[in-house]
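Okay, structure first, notes after.
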């Protein structure tokens with residue numbers, strides 16, 4: 001019974017990280033993406049991230065997991081803090097939660113009497 005539960009938990013975790021299979025960095029040394037504090041990010045790392053198909057997902061993963069170290073989505077921890085501030089993203093917030101909060105903000109500016117079915121094209 002415990003094995004079945006554990007297998008289900010691992011399956012959920014893996015499904016949540018499936019995007020990482022497509023990351024440019026998937027077979028690279030992790031030390032490149034976790035340089036010591038005060039060391040500049042390598043131009044090579046920037047290039048790896050800049051051309052990555054899952055860069056945005058990587059950035060959101062770092063935010064969702066509250067990661068405050070390392071290079072994710074091509075951004076340093078300081079750059080991610082600035083990104084969160086500019087985009088009204090809270091640390092730990094998922095992309096879905098952020099998108100829903102933005103949609104809620106947009107809906108507040110729509111007049112109360114406006115309805116989709118009344119619009120003509």
Inset, instruction - Residue by residue through the stretch 38-68, note down the ones that are surrounded by 13 or more Cβ atoms within 10 Å (Cβ to Cβ), at pLDDT below 90 and over 15 Å from residue 78 (Cβ atoms). - result: 42
Inset, instruction - Consider residue 47 carefully, then state whether it is out of contact with any strand residue (DSSP E or B) (no Cβ under 7 Å at 6 or more places or on another chain) and within 22 Å of residue 84 (Cα to Cα). - result: no
Legend entry - Members of the stretch 27-76 found to be assigned to a loop (DSSP other than H, G, I, E, B) and over 19 Å from the mean Cα position of the chain (by Cα), listed by number: 27, 28, 29, 35, 36, 37, 38, 39, 40, 41, 42
Legend entry - Residue count for the stretch 87-112, restricted to those that are in a helix (DSSP H, G or I) and at pLDDT 65 or above: 10
Inset, instruction - Scan the stretch 46-76 for residues that are farther than 14 Å from residue 24 by Cα and out of contact with any helix residue (DSSP H, G or I) (no Cβ under 9 Å at 6 or more places or on another chain) and jot them down. - result: 65, 66, 76
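The values are calculated or read from the model by the stated rules, or taken from the named source; none is laboratory data. These figures come from a predicted structure and were not determined experimentally. With ideal geometry, Cβ positions are generated from the backbone for all residues, glycine too; neighbour counts draw on all protein chains shown.
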